[in-house]
1. Across segment 77-115, what is the number of residues that are touching a residue at least 12 places away in the same chain (Cβ under 8 Å), polar (S, T, N, Q) and surrounded by fewer than 21 Cβ atoms within 10 Å (Cβ to Cβ)?
2. Looking at segment 365-379, can you tell me whether even one residue there is in a loop (DSSP other than H, G, I, E, B), in contact with a strand residue (DSSP E or B) (Cβ under 8 Å, 6 or more places away or on another chain), closer than 20 Å to Asp265 by Cβ and at pLDDT 95 or above?
3. List the residue pairs whose Cβ atoms are under 8 Å apart, where the first residue sits in segment 303-314 and is at pLDDT 85 or above, the second is of a type in the set (Lys, Arg), and the two are 6 or more positions apart or on different chains.
4. Of the numbered conditions (1) touching a residue at least 60 places away in the same chain (Cβ under 8 Å); (2) closer than 25 Å to Ile292 by Cβ, Met232 fails exactly one; give the number of that condition.
5. Select from segment 164-207 the residues that are modelled with pLDDT of 95 or more, in a loop (DSSP other than H, G, I, E, B) and either over 27 Å from the mean Cα position of the chain (by Cα) or on the phi > 0 side of the Ramachandran plot (or both) and list them in ascending order.
6. Consider segment 394-429. How many of its residues are outside any loop (DSSP other than H, G, I, E, B), of a type outside the set (Lys, Arg) and within 18 Å of the chain's Cα centre (by Cα)?
7. Can you give me the ranges of the strands (runs of 3 or more DSSP E) entirely in segment 38-157 with at least 1 residues that are modelled with pLDDT of 95 or more, in contact with a Gly (Cβ under 8 Å, 6 or more places away or on another chain) and of a type in the set (Phe, Trp, Tyr)?
8. Taking Leu73 as meeting all but one of (1) out of contact with any Phe, Trp or Tyr (no Cβ under 7 Å at 6 or more places or on another chain); (2) more than 21 Å from Gly162 (Cβ to Cβ), write down the number of the exception.
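The values are calculated or read from the model by the stated rules, or taken from the named source; none is laboratory data. Everything numeric here is computed off the predicted structure, so don't read it as measured data. Because the Cβ atoms are built from the backbone with ideal geometry, glycine has one as well, and the counts that use them run over all protein chains shown.
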Amino acid sequence: MIFKRLFAALPAALLAVGLASAESGTVLKGADIIDVIDGKKVRNQVVAIEDGIITYVGSERRLPDGDWTEIDLTGTTLLPGLSDSHVHLTSGANVHGFRRLTRSTARGAISGVVNSEITLKAGFTTVRNLGAPGFTDIDLMKAIDEGEIIGPRIIGAGQSIGITGGHCGDATLLPYEVQRKSGGRADGPWEVRQKVRENKKYGARVIKFCGTGGVLSPNTSINAQQYSLEEMKAIVDEAKLLDLKVAVHAHGPRGIQSALEAGVDSIEHASMITDESIALAVEQGTYLSMDIYVSDYILSEGEAAGILEENLAKERMVGRVQRERFKAAFEAGANMAFGSDSGVYPHGTNARQFSKMVEWGMSPMQAIQTATISNATLFGIEDEIGSITVGKAADIIAVNGDPLADIRELEDVDFVMKGGVVYLNEFEN
């Protein structure tokens, strides 16, 4: 499986800066565990970890004999490491509008190093990075995998694919005289196939394309469909030939419906999804990744961050509609993913979305499941992450309170372990 090689211990250079290696023989003691598979809390459990893998979950009295190193987490709540199906690690929440024209690809990569560590220490041990210029997300993934920097497991999309003048394409604030072509711009069935192949060539593990205009791109309409059904089918077909899943950015109803008919794996945003499209998503098992917190940030702090009035107006039009459609899709039984669009708003605050999910119809357990076992299934790695289960990676977080009683507990994580390595432990004396 694609993440097995990630479970090796990090090099001594990283461990020297205060990280504790679990290696073989570590036990987390005394915590309650949220069992996301059965949807219940199990009290006063221990978790044994060897070589970055969970080897035992149960009562302390049945813990196998061994020379265990103990980490006392008595009174806390353990959860699987959280995951986010839609982030932009190389983007910054204070770099919008004209400010984006001043930001180089290299500077974005540097920001990505910082944002990766922030994201991991916020409890998000796996993320799907849906679009970055110059394949910087793939470079981040490799640097993390090889132990050079600290960050979550990354499933990177490389360069997002989009039409000429479109969201993910080369929508721009610049005049005609200043020509600009984004790396992911492609038009027509054969060009989009070539872009899928190019993304795969440079290490992409998921394909992302834009099926409608976007809130934050200039001169695009969120209602307007980008790519014909024929082009969308070409993207999906080529991705499937290469064993890659496909995520589509889509706000408006026409683009959403066409993307569903083309067979995408997830709809990102899905803001104006119709009842007809919800029914098709349920039938096909398509995941809906609806970022229902980000509107709060855009409308309250976006102007100060550089977001232009054109874009604020689009968010005012779509924000509440998206939340109402989230509730309708959830109640209809659609597969729901946790996707925050972090990078539009500050990295490390991904968990603010949980309270919105609860406000708009989910129980705390159901919201947690979207960011654990549900996302793991969407990513195709449910045998490796997503629950505290024997045989899976030791990606484990802890909070001092009970997130089933107050979901906002997840906004302040106190303990983070990824692959058996402790990156944060606020419970240490």
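1. The number of residues fulfilling the criteria is 3.
2. no
3. none
4. With respect to (1) touching a residue at least 60 places away in the same chain (Cβ under 8 Å); (2) closer than 25 Å to Ile292 by Cβ, Met232 is out only on (1).
5. Asp187, Gly188, Gly203
6. The qualifying residues number 6.
7. Filter on segment 38-157 gives 124-129.
8. (1)
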